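Inspection log for the structure reproduced underneath, given as structure tokens.
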Amino acid sequence: MDDAQRLLRLLRARHPAVSIVTHEEDEARRVVEAAARALKAHLWVWSVLDGVRDGLRDTPPIPETANPAAGFYWLATQDLPTVVLLLDAGPHAGDPHAARALRALVARAREIGSHVVLVDHAGGLPDAVRAHATVFELSLPDDARIETIIKAELKSLHLDRPVQIDLTAKTYRTIVKNLRGLAARQVAQIVRDVVAEDRKFDDEDLNEVLAHKRRLVASDGTLEYIQSPASLDDIGGLGNLKAWLAQRERSFEDKAAEFGLRPPRGVLMLGVQGAGKSLCAKAIATAWGRPLLRLDPGTLYDRYVGESERRLRGALRQAEAMAPIVLWIDEIEKGFASAASQSTDGGLSQRMFGTLLTWMQDHEAPVFLVATANNIDALPPELLRKGRFDEIFFVDLPGPEAREQIFAIHLRRRGRSPGKFDLARLAQAAEGFSGAEIEQAVVSALHAAFASRGEPTTASILEAVAQSPPLSVTMAEQVALLRAWAQGRCVPAG
């Protein structure tokens, strides 16, 4: 069912109030209008600018109904069953008169079989109204809808000024696939953006579509595209993790399901700070050739009741629409720390954590979750029980061979031949160093060489290593406790 059909189902079941929290007001109006037409019901629309007006015909607004309390009260006095669409009523419902009139409107709707649909960009409805409102979430366009939007926009643009269309079927399918996870308005805007300059829509526009999508996803603030290495050869160490990934690479094929396997759903990465947990997330995306999206739990929290949970559900729904992807939740213990102890936030963290656990258990889309954590004590115990993740990996400090590989990678990345350096000696000197600390030693030696108008040498890198004690020394006690906890509980990533 599309959104209009889903909403129609709620209205036919006589839900008196429906709440749609979205930034896509035009799309919400389209859905409500379609449902009202299918129901053959009259549609009233209220906004603070116009007051009450006919939602299906272009007629003047009802006089003196722009005031929220007056508008809601006028609607509550109508006797015929209708659909009432309130735009951004939430911010005005803090006024006692408006709140009382809104409650009366919802009660009247229940009595006579009317329906109140509240479309807001954020939460903020009074508790007495929210308790009677059914939450309705707009779905993101599927492939068929995306194609419809692309064709409609191209037709409109062509009527304005001719557009040359020269796409292979393969590129067109790829563009449609890469527009998943965006709202209808955003899909249309991307098509307009890529056509605007050269009046062409061709194979060369694929990269521009991807660039526009990355910017749109980043602007929302909850999900962020992360660039992953082109090859696993760019990642040093992590031998066990790489073998685990290689073994499960084919488990996403249909033959795997016939064999009795389900695709892996996620891993938890615990480990020493700077040891490469973030790199593990990138390694998974690289190994399986999937986009990597990072979810920052800190961006989800909002002052309005219910808004934080809605943001989390929205981010997870967007991730599913973009599937197949790797979804990375970095430092998951910080986002849901209160869920592991006596909550001081009114139970918000626990509700958020419950939403995440439910999604982890129930989601069907090919979204592979990678959660990384530094602090074991802050993790809710429910997250660590068997079955939540396919595997729990411990990312320890790199061993001698991995340290050699990491030195070689960072030297090669900066235009130096690793063969000119004594990698074994460097690896021995950097015992206890994380991958990030090894990189900084190389960078420090390069700075020193550039300042002296020379070239980095084994000796200059050794000097940089000696001047910077690693985290395993400055925080030796914490590292020892973490390693002791992981013994027998986690699979070593390296």
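The values are calculated or read from the model by the stated rules, or taken from the named source; none is laboratory data. None of the values given here were measured: they were computed from a predicted structure. Glycine also receives a Cβ, built like all others from the backbone with ideal geometry; neighbour counts cover every protein chain displayed. Side chains are part of the model used for accessible areas, which takes the heavy atoms of the whole protein and leaves out ligands, DNA and RNA. Shrake-Rupley method; radii C 1.70, N 1.55, O 1.52, S 1.80 Å.
Based on the Cβ-Cβ distance from Glu364 to Glu204, what FRET efficiency comes out when R0 is 30 Å, to the nearest 0.05?
0.30
Provide the FRET efficiency to the nearest 0.05 for the Arg412-Gln5 pair, computing r from the beta carbons and using R0 = 41 Å.
0.15
Answer with one residue from Leu279, Val267, Phe252: the one whose Cα lies farthest towards the positive end of the charge dipole of the stretch 203-283, charges on Cβ with Lys, Arg +1 and Asp, Glu -1.
Val267
What is the extension gain from Arg262 to Arg453, computed as 0.36 nm multiplied by their sequence separation minus the C-alpha to C-alpha distance, in nm to one decimal?
Gain on stretching Arg262 to Arg453: 63.0 nm.
Of all the Cα-Cα pairs you can form in the stretch 348-494, what percent are over 24 Å apart?
The calculated P(r) of the stretch 348-494 puts 49 percent of pairs beyond 24 Å.
From the phi angles alone, apply the Karplus equation (6.51, -1.76, 1.60; θ = phi - 60°) to the stretch 182-188 and give each ³J(HN,Hα) in whole Hz, x where the residue is Gly or Pro.
Karplus-based 3J(HN,Hα) across the stretch 182-188 equals 10, 6, 4, 4, 5, 4, 4 Hz.
Under a 1.4 Å probe, what is the accessible area of the chain per residue, stated in Å²?
Accessible surface, normalised per residue, equals 50 Å².
With only alpha-carbon atoms in the gyration tensor, what are the semi-axes of the equivalent ellipsoid for the stretch 440-490, in Å, largest first?
One finds semi-axes of 34, 10, 7 Å for the stretch 440-490.
Quote the charge dipole size of the stretch 225-280 about the Cα centre in Debye, to the nearest 20; the model charges only the Cβ of Lys and Arg (+1) and of Asp and Glu (-1).
220 debye
As an exercise, use a Förster radius of 30 Å and the Cβ-Cβ distance of His97 and Ala34 to find the FRET efficiency, rounded to the nearest 0.05.
Given R0 = 30 Å and the Cβ-Cβ separation, E is 0.35.
In debye, nearest 20: dipole of the chain around its Cα centre with unit charges on the Cβ of K, R (+) and D, E (-)?
For this selection, approximately 720 debye.
When Rg is the radius of gyration of the Cα atoms in the stretch 1-153 and Rh is its Kirkwood radius, what does Rg/Rh come to?
That ratio is 0.97, to two decimals.
Could I get the Rg over Rh figure for the chain? Both from C-alpha atoms, Rh via Kirkwood, rounded to two places.
Expressed as Rg/Rh, it is 1.06.
In deg cm²/dmol and to the nearest 500, what is the mean residue ellipticity at 222 nm of the chain if only DSSP H runs of at least 4 residues count, each as -39500 (n - 2.57), divided by the residue total?
The helix-only estimate for the chain comes to -14500 deg cm²/dmol at 222 nm.
Would you mind checking which residues have amide H under 5 Å from Asp202's amide H? H placed 1.01 Å from N; only 5 or more apart, or other chain.
Result for Asp202 returns Asp166.
Compute the acute angle (0 to 90°) between the alpha-carbon long axis of helix 400-413 and the principal axis of greatest extent of the alpha-carbon atoms of the chain; round to the nearest 10°.
Roughly 70 degrees between the two axes.
Using alpha carbons only, how many degrees (0 to 90, rounded to 10) separate the axis of helix 435-451 from the longest principal axis of the chain?
Between the helix axis and the principal axis of the chain, the angle is about 70 degrees.
For the pairs Lys277/Lys386; Lys155/Lys282; Lys282/Lys334, flag any whose C-alpha to C-alpha distance is greater than 30 Å.
Beyond 30 Å: Lys155/Lys282.
I'd like to compare 413-419, 397-403: which one has the highest average count of other Cβ atoms within 10 Å, and what's the full order after that?
Sorting 413-419, 397-403 by mean packing, highest first, produces 397-403, 413-419.
Give me the orientation-averaged projected area of the Cα convex hull of the stretch 90-140, in nm², one decimal.
Projected area, direction-averaged: 3.9 nm².
What is the extension gain from Ala484 to Asp254, computed as 0.36 nm multiplied by their sequence separation minus the C-alpha to C-alpha distance, in nm to one decimal?
Taking Ala484 through Asp254 to full extension adds about 78.8 nm, to one decimal.
Suppose we take every Cα in the stretch 150-268 and form the convex hull; what volume per residue is that in Å³?
171 Å³
Aspartates and glutamates near Lys151 by alpha-carbon distance under 13 Å, same-chain residues fewer than 8 away left out - which ones?
List returned: Asp143.
What is the list of residues in the stretch 78-96 whose amide nitrogen lies under 20 Å from a point 7 angstrom out from the Cα of Glu64, following Cα to Cβ?
78-79
With a point put 7 Å past each Cα toward its Cβ, work out how far Asp234 is from Ser468 in nm, to one decimal.
For Asp234 paired with Ser468, the spin-label model returns 2.1 nm.
Could you sort the peptides 202-208, 265-271 by per-residue average Cβ neighbour count (10 Å cutoff), highest mean leading?
265-271, 202-208
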